[in-house]
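What follows draws every value from the coordinates through simple rules; no lab data is involved. Just so you know, these numbers come straight off a predicted model, no measurement behind them.
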């Protein structure tokens with residue numbers, strides 16, 4: 001059994017969406033010897049999960065999902081060099097209800113540059129509808145988003161409680177691995193999204 005960390009480290013220089021407030025992570029000492037930290041940030045930065053409340057009126061917050069929502073059999077799709085992620089990517093792929101589908105786009109190579117947030121492959125709406133039809137519980141990617149404004153794919157997925165993990169890392173380490181489980185537990189915040197520690201457990 002081995003574990004692959006799919007999560008970006010939260011640091012003061014963590015890149016975020018251009019319109020987001022800057023992340024502030026500070027260390028302080030209290031009682032003269034106890035080290036503590038303060039964090040001020042938007043939630044949709046670094047490796048994070050979007051839940052229904054992010055786009056759907058009356059949708060659930062992170063805290064309203066049970067723990068098992070964030071754990072499932074993993075499936076990796078290799079979408080490197082694809083400008084659009086369409087339904088043909090799902091042909092002959094064994095995807096079952098309750099799976100967590102991860103999509104390797106190759107965008108990690110430009111992480112930390114403005115291009116990361118400007119040029120990334122988007123999902124088509126048929127692709128999103130098919131994920132819903134198949135009963136996928138989470139879709140994750142190494143890109144910043146599955147779509148662009150006005151975010152039709154976000155709305156399709158989140159309206160069906162199919163959650164989205166963005167800005168993952170190390171997905172290339174899952175290439176040629178046929179059996180793995182994804183564990184992606186966020187803190188129990190009553191929010192529309194949250195940081196998540198995502199790992200793959202490989203048998």
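Using only the alpha-carbon atoms of the chain, report the extent along each of the three principal axes, biggest first, to the nearest angstrom.
Sorted largest first, the three principal extents are 61, 42, 34 Å.
Pick from 129, 48, 40 the residue whose mean-square fluctuation is largest in a GNM of the chain, springs joining Cα atoms under 10 Å.
Taking springs between Cα atoms under 10 Å, the residue moving most is 40.
When DSSP beta bridges are limited to those with both residues in the chain, what percentage is antiparallel, rounded to the nearest 5? Numbers along the way, then the final one.
Details: 26 of 40 bridges.
Bridges in the chain that DSSP calls antiparallel: roughly 65 percent.
Against the longest alpha carbon principal axis of the chain, how many degrees, from 0 to 90 and to the nearest 10, is the axis of helix 125-134 turned?
Tilt relative to the chain: about 90 degrees.
What length, rounded to one decimal in nm, is gained on full extension from residue 2 through to residue 96, with 0.36 nm per residue of separation minus their alpha-carbon distance? Please list the in-between numbers first.
Values: separation 94, 0.36 × 94 = 33.84 nm, distance 2.31 nm.
The residue 2-residue 96 span can extend by a further 31.5 nm.
For q = 0.28 Å⁻¹, what log10 I(q)/I(0) does the range 129-192 give under the Debye formula with an equal point scatterer on each alpha carbon and no solvent?
The Cα Debye sum returns log10 ratios of -1.35.
With a cut-off of 8 Å between alpha carbons and a minimum separation of six or more residues, what is the relative contact order of the range 62-124 in percent? Don't skip to the end; give the middle numbers.
Numbers: 61 pairs, mean separation 26.5, N = 63.
Value for the range 62-124: 42 percent.
For the chain, what does -39500 (n - 2.57) per DSSP helix run (n ≥ 4), summed and divided by total residues, give at 222 nm, in deg cm²/dmol to the nearest 500?
Details: 2 runs with 18 residues, N = 203.
Mean residue ellipticity, 222 nm, calculated: -2500 deg cm²/dmol.
Over the range 135-177, what is the mean sequence separation of C-alpha contacts under 8 Å (at least six apart), divided by residue count, expressed as relative contact order in percent?
It rounds to 50 percent for the range 135-177.
Run through all the Cα pairs of the range 90-203 and give the fraction in each 10 Å bin from 0, expressed as whole percent.
13, 44, 38, 5
What is the P(r) of the range 92-144, as percent of Cα-Cα pairs per 10 Å bin from 0?
Bin by bin from 0 Å, the calculated values are 22, 46, 25, 6.
Mind jotting down the distance between the C-alpha centroids of the range 182-203 and the range 89-125, whole Å?
The distance from the Cα centre of the range 89-125 to that of the range 182-203 comes to 18 Å.
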